[in-house]
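The values are calculated or read from the model by the stated rules, or taken from the named source; none is laboratory data. What you see is a predicted model; the values in this text were computed from it and never measured. Every residue, glycine as well, gets a Cβ built from its backbone with ideal geometry; the counts of neighbours run over all protein chains shown. Areas reflect the complete protein model, heavy atoms only, side chains present, ligands, DNA and RNA absent. Shrake-Rupley method; radii C 1.70, N 1.55, O 1.52, S 1.80 Å.
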Amino acid sequence: MLEIPVLRWGKPYESFDQQEVVHFETGEPLAKVHQANAGLVKMDMRKAQRARDLLREIPISKLLEICKKAADLYMTAELPLGNGTQTPEEFCRIQSASTGMPEWMCAGNMKKVAFVLENMESILDALTRGLPLDILTKGYGKEERGVMMSYQAHSPVLGLVLPSNSPGVHTLWMPILPMQIGLVLKPGSSEPWTPYRMTEAFCQAGIPRECISVYPGPHDVGSTVTELCGRVMLFGGQQTIDKYKGNPNVQAHGPGFSKILIGDDVVDQWEDHLDLLVDSIYQNGGRSCINASGVWASRHTEAIADAIAKRIGPVGPTSMTDPEAPLAAFTMTGAAKAMNGQIEEGLKESGVTEVTAKYRDGERLIELERCDYLRPTIVHCANTDATLANTEYMFPMASVVQCEQKDMLKKIGPTLVCTAITKDEAWSQQLLDATQIDRLNIGPIKTNALNWLQPHEGNIVEFLFRARAFQNESPAAH
Amino acid sequence: MTDNSNLDELVKQNQEALDAHTREHVQWHFNPETGSPYWLEKAKSFDFDPLTDVNCFEDLNKFPLFEDDELRGGPVDRWIPKALRGKPTYVFETGGTTGIPKSRVVIDDFRIDYENFSDTLPDESFPKGANWLMLGPSGPRRLRLAVEHLAQYRGGISFCVDLDPRWVVKLIKKGKIDEVKEYSAHVIDQAMAILGAGHEIKCMFTTPKLLEALAMRLMDEGSSIEEAGIKGIFCGGTEFTQQWYRFAREELLGENVYITPTYGNTLMGLACGRPFDPADNYKITYYAPQPRAVIRVVDFDDHTKVVGYGETGRVKLFTMTKELFIPGFLERDEGEREVPHIKYPWDGVSGVRPFHEIAASTTVGVY
């Protein structure tokens, strides 16, 4: 069996504490992952500056080349993993077996990671707004227009407390190393695969091993990473997000509550956008924070809900190896059942109707011996006060909400991605001014259509670096 | 290498001593002249007579399982054996994060327990006459007085820094992690002040988490536990894992600082760790202070059945001193049953960790 050690600034460490990662369907052990303890992390964090120092010895232009090479290795090479090796196919197979994501979705997520790495130069150029990148290395320098700029790293390393079940989010930390910031990764218990494979790909491509630590471990390892790294990106539920609200050191990623708003000017032609609505809700198993969980319109909402439900209501689980498997499994005991219970409670409220039920043969919740599935669910909410009007679950589920256009921005709440299908310029301006919306699409664009030249949930450059004043000569008299 | 040639004989002798100790203490606790009101009253509900039907340790299985909820609330003097009434009495509490804490009345037991424990400490690491730092929970717990007595018994003086675990649990439950950190820093500040004040402290009691925090603070200031003058640490109070033990010896302390894990509670006294042996791979095995207290590793479904050596079960505790009689109580821990050791020729327990069925609902290791 695969045995995967802790990596302490690149050095493998075999712990007495190990945790088995098992196949979610069969219970078959897939790997033994050595577990760090909080003390190890505390001890190692005392040397965090060394990671940044080493990375700063490599020009960013060279790091961008390393990213391209790492992308290729990640996608194509048989890479070492603990006491064994892993081909890309084995990677997809084992990731699917532990997370419940169909294999084709795992392969799709690999492509996303590779795309980000291959295009890192453009991405950094966009995210830094064209800043000469050596300013990040040196700390100061002049832009082309002759203005002195200075950027100071908030932390020599970025800590990441990663999720167990969403391999796609790993794209978010790919730009860290080329910005010469070290990585401290705490993998999710069921998804150690991406952190380890990426680490190996980066290191074989030329990143010094001393720049990356990987600490699988229990909860207190994650909290120690969060406590000791000057900047941390973490993933969790709404409770986690609320816990870190207002903490400038932590960028917490959780539910997106992403939505599609259909303007009054186009709502009578809603059928033209049905594919967009379905794809936004349904692609990637509905598991992403950028999947739409709400469709808001002032009229035709019952017909819209019915049309979406007709398309995705009949869908059920298939084999993980099915190249078109539409749904991911819930591998954590009781999670799907709890969500199903919450949905059933929500359906008891006035004006709330499930539309998918009539297109589905059987129950929403499918309980198997070692995993569960939730089948696609579309709910119609006749008012915005219904609990289900603004919820999000990790499967294809959305509420179609009837709401006057003038009230939408007052009612939608925090929204990671908002697609507003409209040509109404006045409303577009209000949407642009709406601070509760993070990523805004105006026009028929899927919520899950990402442009990597745009920031995602906050600009990672702004999170890691502080723009500040710097002078190395007296300013002109004025 | 340990000489185990007469281990079997020692085990046999200790079993006989335990049986004799059991008979003596059952006679004491159930004699109307000497026993405690609690046990004399309780005996009326038994379908056997402890005075005639308990003749060896195994006979303790005739008693119903002791429920620790019995220890909540007063009057606490119902626990004091009649023969000991009028002596200066302490009450020590355990838990107490929610509701009424469990209480135990004590007269001399904590001193006797720690004097016995003292005999297991190597003098080169815990020099006689050296001063101590007690860095851990005091308040209504027995630890402060016990460690203080240990220091005095060995000819030293104990300096104490308090930590209130009940407050820490409240902060954690409210998600006030910054305040937990501040409080922890406040505790370590006090330890640093005492260590830096020229008190010639060479020995210490603390918990794993506090030791970690103190060692890291010393490192941050360019020093270490060893450079602060500490030679020996006895460490316990919260979960102490094999991995942490290795980390402490290999990275936190260095080879010149002795650390011994202990496992104890208000009811038992102090179980000692099996002496460190590299061949054990840092495995931690505890031995109860027999015959005053006995640990058995029992089947999860049948607490009267001891599991086989190396097998996993729930920790069951028996206490038999003149002050307290507990004829079998299921601890909130599980572990593996271990073979006797030449220094402790009776059953041990290793891998002690929170009992898997209640672990998820418990806030452990807060200090």
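If you check A:68, A:62, which single one turns out to be in contact with a Leu (Cβ under 8 Å, 6 or more places away or on another chain), assigned to a helix (DSSP H, G or I), open to solvent by 80 Å² or more (accessible area, probe 1.4 Å) and more than 14 Å from chain B (Cβ to nearest Cβ)?
After ruling out the rest, the residue left standing is A:68.
Please work out which residue is least open to solvent (accessible area, probe 1.4 Å), limiting yourself to segment A:450-478 and to residues that are farther than 19 Å from residue A:417 by Cβ, touching a strand residue (DSSP E or B) at 6+ places or on another chain (Cβ under 8 Å) and polar (S, T, N, Q).
Among those that are farther than 19 Å from residue A:417 by Cβ, touching a strand residue (DSSP E or B) at 6+ places or on another chain (Cβ under 8 Å) and polar (S, T, N, Q), it is A:472.
Only residues in segment B:239-267 that are free of Cβ contacts under 8 Å to residues at least 24 places away in the same chain count as the first member; pair them with residues that are part of a helix (DSSP H, G or I), Cβ under 6 angstrom, at least 6 apart or cross-chain, and list the lot.
B:247/A:39; B:251/A:43
Out of the residues in segment A:6-20 meeting the condition of being touching a Gly at 6+ places or on another chain (Cβ under 9 Å) and within 13 Å of chain B (Cβ to nearest Cβ), tell me which one is surrounded by the most Cβ atoms within 10 Å (Cβ to Cβ).
Here the residue is A:6.
Give me the residue from segment A:21-38 that is part of a loop (DSSP other than H, G, I, E, B) and away from chain B (no Cβ under 14 Å) and, out of that set, farthest from residue A:332 (Cα to Cα).
Among them, the one singled out is A:28.
Regarding residue A:461, is this residue part of a strand (DSSP E or B) and touching a residue at least 60 places away in the same chain (Cβ under 8 Å)?
So residue A:461 fails the test.
Do you know which residues across segment A:134-170 are out of contact with any strand residue (DSSP E or B) (no Cβ under 7 Å at 6 or more places or on another chain) and open to solvent by 30 Å² or more (accessible area, probe 1.4 Å)?
Result: A:137, A:138, A:144, A:145, A:146, A:147.
Any residue in segment A:6-20 that is in a loop (DSSP other than H, G, I, E, B), at pLDDT 95 or above and under 28 Å from the mean Cα position of the chain (by Cα)?
Yes, some residue in segment A:6-20 is in a loop (DSSP other than H, G, I, E, B), at pLDDT 95 or above and under 28 Å from the mean Cα position of the chain (by Cα).
What pairs come out if I take residues in segment B:119-139 that are under 19 Å from residue B:200 (Cα atoms) and pair them with residues that are acidic (Asp, Glu) whose C-beta lies under 6 Å away, six or more apart or interchain?
Here the result reads B:131/B:200, each pair linking segment B:119-139 to a residue that is acidic (Asp, Glu).
Can you give me the number of residues within segment A:243-284 that are of a type in the set (Ser, Thr, Tyr) and out of contact with any helix residue (DSSP H, G or I) (no Cβ under 9 Å at 6 or more places or on another chain)?
1
Taking the residues in segment B:262-284 that are within 14 Å of chain A (Cβ to nearest Cβ) and touching a strand residue (DSSP E or B) at 6+ places or on another chain (Cβ under 7 Å) as candidates, determine which candidate is nearest to residue B:352 (Cα to Cα).
Residue satisfying both the conditions and the ranking: B:284.
Return the residues of segment A:385-409 that are in contact (Cβ under 8 Å) with a residue 60 or more places away in the chain and of a type in the set (S, T, N, Q); say none if nothing qualifies.
Once the filter is applied, which keeps residues that are in contact (Cβ under 8 Å) with a residue 60 or more places away in the chain and of a type in the set (S, T, N, Q), segment A:385-409 yields A:390, A:391, A:399, A:402, A:405.
Out of all the residues in segment A:342-350, is one or more open to solvent by less than 80 Å² (accessible area, probe 1.4 Å), out of contact with any Phe, Trp or Tyr (no Cβ under 7 Å at 6 or more places or on another chain), among the β-branched types (Val, Ile, Thr) and assigned to a loop (DSSP other than H, G, I, E, B)?
Within segment A:342-350, none of the residues are open to solvent by less than 80 Å² (accessible area, probe 1.4 Å), out of contact with any Phe, Trp or Tyr (no Cβ under 7 Å at 6 or more places or on another chain), among the β-branched types (Val, Ile, Thr) and assigned to a loop (DSSP other than H, G, I, E, B).
State all residues of segment A:118-133 that are open to solvent by less than 40 Å² (accessible area, probe 1.4 Å) and under 30 Å from residue A:98 (Cβ atoms); if no residue qualifies, say none.
Passing the criteria: A:120, A:123.
Grab the strands (runs of 3 or more DSSP E) fully contained in segment A:181-237, keeping just those with 2 or more residues being within 14 Å of chain B (Cβ to nearest Cβ).
The qualifying strands (runs of 3 or more DSSP E) are A:231-235.
Answer with yes or no whether residue B:83 is open to solvent by 20 Å² or more (accessible area, probe 1.4 Å), among the hydrophobic types (A, V, I, L, M, F, W, C), assigned by the TED database to the domain that holds residue B:343 and out of contact with any Ser or Thr (no Cβ under 9 Å at 6 or more places or on another chain).
No; evaluated as a whole, the condition is false for this residue.
Would you be able to say whether some residue in segment A:245-266 is outside the structural domain of residue A:153 (by the TED database), open to solvent by 60 Å² or more (accessible area, probe 1.4 Å), at pLDDT 90 or above and in a helix (DSSP H, G or I)?
No, there is no match, as no residue in segment A:245-266 is outside the structural domain of residue A:153 (by the TED database), open to solvent by 60 Å² or more (accessible area, probe 1.4 Å), at pLDDT 90 or above and in a helix (DSSP H, G or I).
Name the one entry in A:104, A:173, A:193 that is touching a residue at least 12 places away in the same chain (Cβ under 8 Å), open to solvent by 10 Å² or more (accessible area, probe 1.4 Å) and of a type in the set (Phe, Trp, Tyr).
Of the residues listed, the single one that is touching a residue at least 12 places away in the same chain (Cβ under 8 Å), open to solvent by 10 Å² or more (accessible area, probe 1.4 Å) and of a type in the set (Phe, Trp, Tyr) is A:104.
Is it the case that segment B:130-151 has a residue that's within 22 Å of residue B:292 (Cα to Cα) and open to solvent by 60 Å² or more (accessible area, probe 1.4 Å)?
Yes.
Residue by residue, here is whether (1) at pLDDT 95 or above; (2) among the aliphatic types (A, V, I, L, M) holds:
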| site | (1), (2) |
| --- | --- |
| B:152 | yes, no |
| B:168 | no, yes |
| B:173 | no, no |
| B:180 | no, yes |
| B:190 | yes, no |
| B:194 | yes, yes |
| B:202 | yes, no |
| B:209 | no, no |
| B:218 | yes, yes |
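Looking at segment A:85-99, can you tell me whether even one residue there is within 30 Å of residue B:242 (Cα to Cα), free of Cβ contacts under 8 Å to residues at least 40 places away in the same chain, part of a loop (DSSP other than H, G, I, E, B) and not aliphatic (A, V, I, L, M)?
No, that holds for no residue.
Enumerate the helices (runs of 4 or more DSSP H) found wholly within segment B:171-255, keeping only those where 1 or more residues are more than 14 Å from chain A (Cβ to nearest Cβ).
The helices (runs of 4 or more DSSP H) meeting that bar are B:177-195.
Is it the case, given these coordinates, that residue B:233 is of a type outside the set (S, T, N, Q), within 18 Å of residue B:251 (Cβ to Cβ) and within 26 Å of the chain's Cα centre (by Cα)?
When the stated conditions are applied, residue B:233 passes them.
Within segment B:205-238, which residues are among the polar types (S, T, N, Q) and in contact (Cβ under 8 Å) with a residue 12 or more places away in the chain?
B:206, B:207, B:224, B:238, listed by residue number.
Considering each of B:89, B:94, B:98 in turn, give the residue that is at pLDDT 95 or above and either open to solvent by 30 Å² or more (accessible area, probe 1.4 Å) or more than 18 Å from residue B:237 (Cα to Cα) (or both).
Just one listed residue meets the conditions, B:89.
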